[in-house]
Amino acid sequence: MERNKKTRFFAVVLIAILTLFIASVSLAQQRSALLFLTDFGLKDGAVSAMKGVAFGVDPDLKMYDVTHEIPSFNIWEGAYRLKQTASYWPAGTVFIGVVDPGVGTDRKPIVLKTKTGHYFVGPDNGLFSLVAEDMGIEEVRVIDAEKNRLPGSEKSYTFHGRDIFSYVGARLASGQLEFEDVGPVLQGDIVRIEYRKPTLVGNSVSGNIPVLDIQYGNVWSNIPYELFEQLNPEYGDIFEIEIYLLDELVYSGEAPFVNSFGDVPEGDVLIYYNSMMEVSVAINMESFADTYGVSSGPEWTIVFTQKTPKISGKVTDIDKYGNVHTDILESIIQQKKFEIGDIVQIKIGDKVIEAPFATVYGDVDRGKPLIRLTDGHVQLAINYGNFASTYGLKVGDTVTIKLEEKGTYKSELEIRHLVRTDNRADYDSDEVFANFREVRLGNIGSGKLYRSSHPSINDPRAPYASKLMESVGIKTVINLSDSQEELLKNLQYSKYYKSIYDKGNLIALNMGVDPMSDDFAKKLQAGLLFMIQKEPPYLLHCVEGKDRAGIVTALLGAIMDASTEEIYADYVKSYENYYKVQPGTAAYDAVRKIISDLFVEMNGGKPVDDSNVKQVAMKYLTEKVGLTAQQISQLQGKLK
């Protein structure tokens, strides 16, 4: 019996201990961290008094300091330091903020609960503006100071940090006071401090200077990196910096955007992302704020303007020639101040391409890239080439365009920029207007081969080309440009052209403009074999009859023993017809270089002259196009 009594006694004691332990653990779990922020400094006992009140509420509270070095009465800086800190503390944390120049007046004492579950206790004077913006407001209650204040402090009016805020904050953090029991819900919004919000316009992003990095004199802005990144900055890009106090310019200068301070020499200005991931300015190993007399607050504005404009977009379409169309609009290009004649850098993944901002493909040499506007958007192209396949682009890929040199290509454009009209009266003859002519290169016989602009499309030149082809009795047409679908739509514009099609003597090849591509070679093979099967007179044409038709004509002339001068002159003749380019001019030489460079490329980069031009063409037609020697011989026979 005695043993049973002892057993029961120990069981009761054990249960009591366990109950007390569970209760203490539960209470500890209910407690939240309590943080203090003030402008009191640590020279007197004000902060200690506040913590003493909190300790008296609950000796087990964990208390920490944000800072007590907020400049006197500087509500704005206190607001920013709360913003800077609060998100790193867990939900349930209670912050006591006291920067309270209106203490004892009718400003309201409040507790603000954010959507993130954090609590802020202090005066409703703008101190909680920024955490409210960042974290969102769940609810705000006005502290009922008759019920919720340090007992015995009723006659104290100038130390609410001790008498009300510390007391209420400690009770909230310890779980002794529920948020709903703080006092009535605040009617309306909290007091907010007005300041310049971050804004992006064109190449410039602007914002406020909320605080300084006090220890080092770095200038922090409120411009988040997400907004700054819309300028597509790269490390090393140069920005102009302007800093204003209200409307007065305090500082103006240029600096690179870099990763960290040591990326520039000591004493140099730099732009970087601070620990808040906001754009900031510093001097390596010196104080920017002291050097240039810059401070912080809602009245301070900072502007960053990109000296190297940049814009990004997506590939939306790749046409049959390999030209790349993007979603970068002409209006954005104008806003970013890109202009015809600029040299730009095109970045695609890890590839970087330099190209001029041009108007037409012929503004660059054959095989060279360019950027141009078409139908209100940016297009990337290679003159006589396939941009998409050359640089491995597909729809959806990102393209970034950055200004490399301003206007340095304009002089070249003045040489190359050729102007034509669609008015027949501006040209000497129907043949010149339609770019229609007989080809008599080398041993090509009379009445065998002709070249022209398109005779059967909705174009002012087409009726003239159609009439001329009929007048010379064209029997076979090699349409280098149209797809089968395009051809069928275009037949309506010329009865004679359609009659040739109806007889089965017309082939549409839908060729690109890059003779070194497999697609061009394959389609050229089909066209030349078609010529062998059919009878002359032959007509070669594309849309304008100058580029694709010019290349094919040059190859045929070469295998028919034409000289390089004959071949090159015939190629440029189309530019004489369209643009009135004259021999001996820079423009004439630039166009001539397109066809001469092509033969050099076909020859593996080696020079081409009269002694080897035929061999170069023969090798291209056999090795690249896939014709046999017998088929080339048959073709030569047709053209004699």
- request: Arrange the peptides 448-461, 349-362, 207-220 so that the one whose residues have, on average, the most other Cβ atoms within 10 Å appears first.
  value: 448-461, 207-220, 349-362
message: Please compute the alpha carbon radius of gyration of the chain, then divide it by the globular-protein estimate 2.2 N^0.38 Å. Two decimals is fine.
response: 1.55
query: Between region 51-94 and region 470-532, what's the alpha-carbon centroid distance in Å?
result: 81 Å
query: How far apart, in nm, are two points set 7 Å out from the Cα along the Cα-to-Cβ line at Ser295 and at Lys503?
result: 9.3 nm
Pairwise FRET efficiency - Val419 versus Glu248, Cβ, R0 = 45 Å, nearest 0.05: 0.35
query: Rolling a 1.4 angstrom probe over the protein heavy atoms, how many square angstrom per residue are accessible across region 527-640?
result: 38 Å²
statement: Site Lys580, offset 7 angstrom along Cα→Cβ, radius 19 Å on amide nitrogen, limited to region 413-451, gives 414-436
- prompt: Working out 0.36 nm times the residue gap between Lys197 and Gln335, then minus their Cα-Cα distance, what length gain in nm do you get to one decimal?
  reply: 47.5 nm
field: Mean projected area (nm²) of the alpha-carbon convex hull when region 368-420 is viewed from all directions
entry: 5.2 nm²
- prompt: region 297-319 to region 355-387: how many Å between their Cα centroids?
  reply: 24 Å
field: Inter-label distance, nm, simple model (7 Å from Cα along the C-beta direction), Ser563/Glu286
entry: 6.9 nm
field: Diffusion constant of region 340-404 at 4 °C, which comes from Stokes-Einstein with the Kirkwood Cα-pair radius and 1.567 mPa s, µm²/s
entry: 109 µm²/s
field: Computed P(r) (all Cα pairs; region 204-260; 10 Å bins; percent)
entry: 18, 55, 26, 1
statement: Listed by chain and number, the residues whose amide H is under 5 Å from that of Leu627, excluding neighbours fewer than 5 places away on the same chain and using placed H, are Thr622
- prompt: Going down the list Lys467/Lys614; Lys320/Lys523; Lys534/Lys606; Lys475/Lys619; Lys368/Lys546, which pairs span over 25 Å between their C-alpha atoms?
  reply: Lys467/Lys614; Lys534/Lys606; Lys475/Lys619
message: Please compute the Kirkwood hydrodynamic radius of region 48-139 from all pairs of different C-alpha atoms, in Å with one decimal.
response: 13.8 Å
- request: Could you run the Karplus curve 6.51 cos²θ - 1.76 cosθ + 1.60 with θ = phi - 60° over region 500-505 and give me ³J(HN,Hα) per residue in whole Hz, x for Gly and Pro?
  value: 5, 4, 4, 7, x, 10
- line: Relative contact order as a percentage, the chain, C-alpha pairs under 8 Å and 6+ apart, gives 8 percent
- request: Please list, in chain and number order, the residues 5+ apart from Ile110 or on another chain whose amide H is under 5 Å from its amide H, with Hs placed from the backbone.
  value: Gly122, Asp124, Ile143
Antiparallel content of DSSP bridges confined to the chain, in %, to 5: 75 percent
task: Using θ = phi - 60° and the Karplus relation 6.51 cos²θ - 1.76 cosθ + 1.60, list the HN-Hα couplings for region 630-636 in order, rounded to whole Hz, with x at every Gly or Pro.
output: 5, 5, 5, 4, 4, 5, 4
message: Could you check the spin-label model distance between Ser87 and Val472? Points 7 Å from the Cα along Cα→Cβ, value in nm.
response: 7.2 nm
- line: If each part is reduced to its alpha-carbon centroid, region 564-640 and region 536-554 end up apart, in Å, by 12 Å
statement: The local net charge around Asp428, scoring Lys/Arg +1 and Asp/Glu -1 for residues other than Asp428 whose Cβ lies under 15 Å from its Cβ, equals +2
task: Take region 90-190, compute every pairwise Cα distance, and split them into 10 Å bins from 0; I just need the percent in each bin.
output: 16, 55, 27, 2
message: Over 23 Å apart: what share of the alpha carbon pairs of region 396-492 falls there, rounded to a whole percent?
response: 50 percent
Computed over region 388-488: relative contact order in percent, which uses C-alpha pairs under 8 Å that are six or more apart: 17 percent
field: For Gly322, residues with placed amide H under 5 Å, excluding near neighbours
entry: none
- prompt: Cross-link partners among lysines for Lys337, C-alpha distance below 17 Å, same-chain residues fewer than 8 apart left out?
  reply: Lys307, Lys310, Lys402, Lys406, Lys410
field: Cα-based equivalent ellipsoid, region 133-292: semi-axes from gyration tensor eigenvalues, Å
entry: 43, 18, 15
- prompt: So for region 534-582, what are the equivalent ellipsoid semi-axes in whole Å, largest first, each being the square root of 5 times an eigenvalue of the Cα gyration tensor?
  reply: 19, 15, 8
- request: Would you mind calculating the relative contact order of region 273-354 from Cα pairs under 8 angstrom and at least 6 residues apart, reporting the percent as a whole number?
  value: 14 percent
query: Tell me, what HN-Hα J-couplings in whole Hz come from the Karplus equation 6.51 cos²θ - 1.76 cosθ + 1.60 at θ = phi - 60° for each residue of region 288-298, using x for Gly and Pro?
result: 5, 4, 5, 4, 10, x, 9, 10, 9, x, x
- line: At R0 = 41 Å the Cβ-Cβ FRET efficiency linking Asp181 and Lys43, nearest 0.05, sits at 0.70
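The values are calculated or read from the model by the stated rules, or taken from the named source; none is laboratory data. In this text, all values refer to a predicted model and were calculated from it rather than measured experimentally. Reconstructed Cβ throughout: ideal geometry from the backbone, glycine too, with neighbour counts over all protein chains shown. Each accessible area value is taken on the protein alone, full model and side chains, heavy atoms only, with ligands, DNA and RNA left out. Shrake-Rupley method; radii C 1.70, N 1.55, O 1.52, S 1.80 Å.
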